[in-house]
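**Q** Here it is, the structure in full.
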Amino acid sequence: MMDGVPAHHSTTSPLVGRDADLDHLAGLLGLDRGADGGPRSGMVLLAGDAGVGKTRVLVELARRAEQAGWQVLAGHCLDFGDSALPYLPFTEMLGRLAHRSEALSEALAEAHPAVRHLQPGRRLLAGPASADEETMERAELFEAVHAVFERLAAAAPLLVVVEDTHWADRSTRDLLSFLFTRPFTGPVSLLVSYRSDDLHRRHPLRATTAQWSRVPGLHRVVLGPLSDTAVRSLVRSLHTSPMPAAEVRAIVERAEGNAFFVEELVAATELGGSTLPEDLADLLLVRLDQLDDAGRLVVRAAACAGRQVSHALLAAVVDLAPDDLDRALRSAVESNVLVPGGANSYAFRHALLAEAVYDDLLPGERVRIHAAYAVALRSHKVDGTAAELARHARAAHDLVTAVTASIEAGDDAMSVGGPDEAARHYETALELLGNAANRPAELGDVDLVSLTARASDAMLASGDLHRALSLVQDQLAHLPADAPVTDRVTLLMTLGLAAIMGDTPVNALEVTSEAMALLPVEPTRLRARLMAAHAWANAEWQRDEEAMRWAQDARELGGRLGLRRVVADATTTIARLEERAGNPEESKRVFEKIVAQARTDGDVHAELRGLHHLGGLHFEAGQFAEAQRYYSRAVVRAAETNRPWSPYGFDTRVMGAIAAYITGDWDEVARIVDVTGEAPPELIEVSLAAIGLGVAAGRGDAEALRTFQRVRPWWDKDGVVAIYSGAAAIDLYADSGDYESAIRVYEEVVDSVTALWQVSTFLARFR
């Protein structure tokens, strides 16, 4: 019987990500056999934050111990404050022992009468005793408990578990000290746990654990947070249906490896909420209530900064004298609300604690604190980023500062390879600019068209093609009738370039043709860029002669104006056309040259496009191993530049998987499409899943049809998704004898792709 299963904890959630921890702890406790094949003893002091998973680990260790033939006794310390019953966990153990065998319990009490004082129902009030009597009784009691464990171990190895000793009374702590320092002759292992985040500076267990750590043979182990990969596995095992990658990523970021927080956030998601669950927020805010007024003031100000804040910035915002600020910070640190960070900064012990404190602020408080941060950052007397200033200014309703700082933050993010962050900053600026009629005069010089183009580029680089299209289309729809021709041309060109990148309802050739008709023929930088885009669009629509003419003109003008990106794009289009004309070797030479030059110039877009076409050139020739080599280079390069989901970064990954599938390397396909530990946009995750479905169908995976149902709604977004997931579903249905469903899927794929690609015939239809 597993006496160690705690009745007051939920252990229904799966245990993930703890195999290494369990093996390590089992070894320290001697649960594995010694060199001579016999049981060994061990002592472990297990620390970890609340909710990190200590209880689940203890339960699993108890289960392992029982499977190995060990007896397990467990007791728990409870939060009764000053009224805690002395030796409570040992009373619980003896009670469990009596429940299991009344005869054994009575025999032990007969042999060691002092333990009767600990048995449930016999804890009687007594009059005051002298100091000598108390000392004598404690010594006798400690010896009796030790002897009981020795006698039990004579029958079978014994694991003693004491949980939550941060709530232990002094008597329990003293008895544990005795057991740690008094060796056992038989195989008795001790496992004691406590919450490390509850041990503030003056906590009575703090000094005791320091003493215990010096006991020979006692191992102190800290159970750290789960890895991101383990959290994702836990989320997917807890959620009743497949969860979009963005939601999984949000939970991973917010929970920071705490299993309990993961469970609460998943439960809130299933109920349709994304805010912090009220019960969890109340639990987290208990720590804030323990601080004095100055401590709460500092913590609330820190919460407006986010997870971490520098001392200098906090001092500039909080209206406290330096000494008072130091005392308030010390109080917050000692209470484990804040922890010291690097470079003279402070961070919340957990991100959700910062979130709970922030949510608890009154609206007026938030505005005032954010305004103070914005003033401090604008003064440049303290260090800060444009992103920080933008966030504080927006929360403080300072529109002008928020817009200008958001644009600067977007530019900063793009310059260091952060397209996701850049897109968010640019979108924020566009949102704040809003209606021109309500725009402050100070923002009159903001170039909305240029900002829209930058936002579109950032969205494409981060893999959000359809959002980029929607953004540009919206700006085009609201462009004033008297806007300069160059504004409309720029937006049309941006729209056309985005449309080329994937399956969209936008006809890129029509869009670039309209732009060409509007733009004067003067040899400007805009015309050179537009000609390169127009050549690309013509090539996509198989208008090779037109494409060659525009590409050559664009390359010539781009060269005259020193536009390396234009030259690279036009040259790439020309090389593709040469390949179609039957000169693949020359195309390969040109592509290789483009890739090398783009690497030198730092033009990631041109480099990835060149690698993509080199892979395609070999793919079309049936040289799949060589094709995979180029596709792999592109995938690696996209990841190195933080653009794994950009059109060419993602498409080369898909093509690499397809090449591996064709050659029968199904393990490689599974590796390529596995996004564990990553957070792609949902359409990209679905696209990779669609490729992987072919392998799942071939292997007869029963879960494949479930994945197919998740992929099916995306057919109107991407033809590749429809074709590959549809082919897999046809196989699965046909294998099961459901030919009607197989035929229905075929017809739905044909209809979807025909509508999306605006063609009546395509190779997959016959394949």
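**Q** Can you pull the one-decimal nm distance between simple spin-label points at S760 and E592, each 7 Å off the Cα toward Cβ?
**A** Using points 7 Å along Cα→Cβ, the separation is 4.4 nm.
**Q** Mind pulling the per residue volume of the convex hull built on the Cα atoms of the stretch 457-529? Å³ is fine.
**A** 91
**Q** Between H203 and R182, take the C-beta separation as r, use R0 = 22 Å, and let me know the FRET efficiency to the nearest 0.05.
**A** Efficiency for this residue pair is about 0.30.
**Q** Filter the trypsin sites (Lys or Arg not before Pro) in the stretch 164-272 down to the DSSP loop ones having no more than 16 other Cβ atoms within 10 Å, then list what survives.
**A** When the trypsin sites (Lys or Arg not before Pro) of the stretch 164-272 are filtered for loop state and at most 16 Cβ neighbours within 10 Å, R201, R202, R214 remain.
**Q** Please grab the % of Cα pairs in the stretch 349-436 that end up more than 19 Å from each other.
**A** 46
**Q** Eigenvalues of the Cα gyration tensor times 5, then square-rooted: what semi-axes does that give for the stretch 224-366, in whole angstrom, largest first?
**A** Largest first, the stretch 224-366 gives 31, 15, 12 Å.
**Q** Hey, what's the Cα Rg ratio for the stretch 206-267 versus the globular rule of thumb, 2.2 N^0.38 Å?
**A** 1.59
**Q** For the chain, what is the charge dipole size about the Cα centre, in debye to the nearest 20, if Lys and Arg each add +1 at the Cβ and Asp and Glu each add -1 at the Cβ?
**A** 1180
**Q** Provide, for q = 0.10, 0.11 Å⁻¹, the log10 of I(q)/I(0) from a solvent-free Debye sum over equal Cα point scatterers in the chain.
**A** The Cα Debye sum returns log10 ratios of -1.12, -1.23.
**Q** Which net charge results when you count Lys and Arg as +1 and Asp and Glu as -1 among the other residues whose beta-carbon is under 12 Å from that of L732?
**A** -3
**Q** Hey, if you drop one equal point scatterer on each alpha-carbon of the stretch 315-470 and run the Debye formula without solvent, what base-10 log of I(q)/I(0) do you get at q = 0.12, 0.15, 0.19, 0.21 Å⁻¹?
**A** For the requested q values the scattering log ratios are -0.65, -0.93, -1.24, -1.35.
**Q** To the nearest 10 degrees, how steeply does helix 54-67 sit against the main Cα axis of the chain, on a 0 to 90 scale?
**A** 70
**Q** How far is the Cα center of the stretch 689-710 from the Cα center of the stretch 316-393, in Å?
**A** Centre-to-centre (Cα) distance: 49 Å.
**Q** Please give the length that would be gained between E365 and H219 if that part of the chain were fully extended, namely 0.36 nm times their separation in residues minus their C-alpha to C-alpha distance (nm, one decimal).
**A** 47.9 nm
**Q** By how many degrees, 0 to 90 and rounded to 10, does the Cα axis of helix 682-698 deviate from the longest principal axis of the chain?
**A** Taking the Cα atoms of the chain, the angle to 682-698 is about 80 degrees.
**Q** Related question: Could you estimate the translational diffusion coefficient of the stretch 629-767 from the Stokes-Einstein equation, with Rh from the Kirkwood formula over C-alpha pairs, at 25 °C and 0.890 mPa s, in whole µm²/s?
**A** Diffusion coefficient, whole number: 159 µm²/s.
**Q** Taking just the alpha carbons, could you work out the radius of gyration and Dmax for the stretch 142-207, both in angstroms?
**A** 13.3, 43
**Q** Angle, helix 419-433 long axis vs. longest principal axis of the chain, Cα atoms, 0 to 90°, nearest 10?
**A** Taking Cα atoms only, the helix is inclined about 70 degrees.
**Q** Here's another thing I want to ask about it. Expressed as a whole percentage, what fraction of the accessible surface of the stretch 654-767 belongs to carbon and sulfur atoms when a 1.4 Å probe is rolled over the protein heavy atoms?
**A** 53
**Q** Further question: Kindly provide the helix-only [θ] at 222 nm of the chain, computed as the sum of -39,500 (n - 2.57) over DSSP H runs of four or more divided by all residues, to the nearest 500 deg cm²/dmol?
**A** -20500 deg cm²/dmol
**Q** Under 25 °C and 0.890 mPa s, how fast does the stretch 248-316 diffuse according to Stokes-Einstein, given a Kirkwood radius computed over C-alpha pairs? Answer in µm²/s, whole number.
**A** Translational diffusion coefficient: 178 µm²/s.
**Q** For R220, list long-range residues whose amide hydrogen, built 1.01 Å from N in the peptide plane, is under 5 Å from its own amide hydrogen.
**A** HN-HN under 5 Å from R220: L45.
**Q** For the stretch 61-112, which GluC sites (Glu not before Pro) pass both filters: DSSP loop (anything but H, G, I, E, B) and at most 11 other C-beta atoms within 10 Å?
**A** Here no loop site has a sparse enough neighbourhood.
**Q** Measuring from the lowest to the highest alpha carbon on each principal axis, how far does the stretch 578-685 reach, largest first, in angstroms?
**A** Principal axes ranked by extent give 39, 34, 19 Å for the Cα atoms.
**Q** Counting only Cα, what are the radius of gyration and maximum Cα-Cα distance Dmax of the stretch 187-296, in Å?
**A** 18.3, 52
**Q** Where in the stretch 45-103 are there chymotrypsin sites (Phe, Trp or Tyr not before Pro) that are in a DSSP coil and have at most 10 other Cβ atoms within 10 angstrom of their Cβ?
**A** none
**Q** Please give the contour-minus-distance gain from V506 to L85: 0.36 nm per residue of separation, less the Cα-Cα distance, rounded to one decimal in nm.
**A** 144.2 nm
**Q** How charged is the neighbourhood of L479? Take every other residue with its Cβ under 12 Å from the Cβ of L479, and add Lys/Arg as +1 and Asp/Glu as -1.
**A** So the environment of L479 carries a net charge of -2.
**Q** Determine the dipole magnitude for the stretch 625-743: charges of +1 sit on the beta-carbon of Lys and Arg, -1 on that of Asp and Glu, nothing else is charged, the reference point is the Cα centre, and the result goes in debye to the nearest 20.
**A** Using only the charged Cβ atoms, the result is roughly 400 debye.
**Q** Skip the ligands, DNA and RNA, and give the accessible area per residue of the stretch 211-334 with a 1.4 Å probe, whole Å².
**A** Value for the stretch 211-334: 49 Å² per residue.
**Q** Output the Cα-based Rg and Dmax of the stretch 399-483 in Å, rounding Rg to one decimal and Dmax to a whole number.
**A** Cα only, the stretch 399-483: 12.5, 37 Å (Rg, Dmax).
**Q** Only bridges whose two residues both fall in the chain count here: according to DSSP, what percent of them are antiparallel, nearest 5?
**A** 25
**Q** Before I look further, what does the stretch 449-499 give for accessible area per residue, probe 1.4 Å, in whole square angstrom?
**A** In whole numbers, the stretch 449-499 has 38 Å² accessible per residue.
**Q** Would you mind telling me the share, in percent, of accessible area of the stretch 550-630 contributed by carbon and sulfur at probe 1.4 angstrom?
**A** In the stretch 550-630, the share of accessible area belonging to carbon and sulfur is 47 percent.
**Q** So what is the orientation-averaged projected area of the stretch 480-603, using the convex hull of its C-alpha atoms, in nm²?
**A** Value for the stretch 480-603: 8.2 nm².
The values are calculated or read from the model by the stated rules, or taken from the named source; none is laboratory data. Keep in mind that this is a model prediction, so the values were computed, not measured. As a convention, Cβ positions derive from the backbone with ideal geometry for all residues, glycine included, and neighbour counts pool all protein chains shown. These area figures cover heavy atoms from the full protein model, side chains too; ligands, DNA and RNA do not enter into them. Shrake-Rupley method; radii C 1.70, N 1.55, O 1.52, S 1.80 Å.
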